[in-house]
Amino acid sequence: MMEATTDDDVPGQAPGRIVLVIGGARSGKSRHAQRLAERASGPLTFIATAQAFDAEMTDRIARHRADRDARWHTVEAPVDLAAAIIRCDAPGAMLLVDCLTLWASNLLLGDEDIDRHVARLDDALAGAQGRIVLVTNEVGWGIVPDNALARRFRDVAGRINQSVAARAQAVDLIVAGLPLALKRP
């Protein structure tokens with residue numbers, strides 16, 4: 001049985017060295033992930049994968065930025081996520097990656113070698129010295145998309161989520177703002 005979690009489950013720290021926070025759109029994933037990350041006492045780095053191609057995304061990025069206080073340093077990594085993790089990682093560091101599904105979109109639309117990027121991400125996570133919280137969307141619960149690109153995106157996102165969940169010590173599913181612990185150390 002899945003266990004509901006609260007923000008007080010592990011006072012002072014996130015529930016594992018690598019934590020995956022997964023859920024649907026507007027479920028509260030980013031807020032939960034930020035709360036987990038802010039339990040750390042060391043430096044906080046936000047690794048952003050979003051790109052502002054339109055006014056709505058520009059506004060969304062600005063709102064997310066406004067939610068973070070002065071302790072946060074932001075690094076943009078729309079494609080080379082593994083390199084950003086390696087560059088920002090250090091003992092005692094806390095990295096928050098938001099989000100893997102935007103990263104998947106960037107890889108797909110950039111015609112990147114997705115398997116190579118996912119393997120590099122897995123290597124970066126395996127070698128990390130600090131702690132990392134990663135945010136991703138669960139996109140496989142809806143209907144089968146009616147076009148090839150959307151089906152490919154769903155499949156790529158699902159494979160990335162499985163890979164990171166396997167590497168993570170903890171996985172939280174967020175539904176309607178409520179976290180459920182799917183995996184714990």
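The values are calculated or read from the model by the stated rules, or taken from the named source; none is laboratory data. If you're wondering where the values come from, they're calculated on a predicted model, not measured in any experiment. Don't worry about glycine lacking a Cβ; one is built from the backbone with ideal geometry, like all the others, and counts go over all protein chains shown. All accessible areas refer to the heavy atoms of the entire protein, side chains included, with ligands and DNA or RNA removed. Shrake-Rupley method; radii C 1.70, N 1.55, O 1.52, S 1.80 Å.
Laid out as a table, the results:
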item: Percent accessible area from carbon and sulfur atoms, the chain, protein chains only, probe 1.4 Å; result: 54 percent
item: Theoretical gain in end-to-end length, Thr58 to Ala166 [0.36 nm per residue, Cα-Cα removed]; result: 35.6 nm
item: Taking N as its residue count, the alpha carbon Rg of segment 68-185 over 2.2 N^0.38 Å; result: 1.09
item: Residue-averaged [θ]222 nm for the chain, counting only DSSP H segments that reach four residues, each worth -39500 (n - 2.57); result: -12500 deg cm²/dmol
item: Amide hydrogen neighbours beyond the local backbone of Thr74, cut-off 5 Å, H modeled; result: Phe46
item: Among Val139, Val97, Val171: highest mean-square fluctuation, GNM of the chain, C-alpha pairs under 10 Å; result: Val139
item: Accessible area in the full protein assembly, largest first, 1.4 Å probe, for Val19, Val79; result: Val79, Val19
item: Sparse-neighbourhood loop sites, trypsin sites (Lys or Arg not before Pro) in segment 48-109 - DSSP loop, at most 16 other Cβ within 10 angstrom; result: Arg68, Arg71
item: Kirkwood hydrodynamic radius (C-alpha pairs) into Stokes-Einstein, segment 1-144, 25 °C and 0.890 mPa s, D in µm²/s; result: 155 µm²/s
item: Segment 26-185 - charge dipole about Cα centre, Lys and Arg +1 at Cβ, Asp and Glu -1, debye rounded to 20; result: 620 debye
item: Cα-based shape type of segment 38-103, given that a ≥ b ≥ c are square roots of the gyration tensor eigenvalues and the cut on a/c is 1.5; result: oblate
item: Solvent-accessible surface ranking, highest first, for Glu56, Glu38 at 1.4 angstrom; result: Glu56, Glu38
item: Dipole of segment 119-185, positive direction: furthest Cα of Gly130, Ser163, Leu182, with charges on the beta-carbon; result: Gly130
item: Inter-part distance where segment 122-156 and segment 55-112 are each reduced to a Cα centre, Å; result: 14 Å
item: Heavy-atom accessible area ranking, 1.4 Å probe, most first, across Trp141, Trp72, Trp103; result: Trp141, Trp72, Trp103
item: Over segment 22-73, volume per residue of the alpha carbon convex hull, in Å³; result: 89 Å³
item: Trypsin sites (Lys or Arg not before Pro) restricted to DSSP loop in segment 21-56 with at most 13 other C-beta within 10 Å; result: Arg26
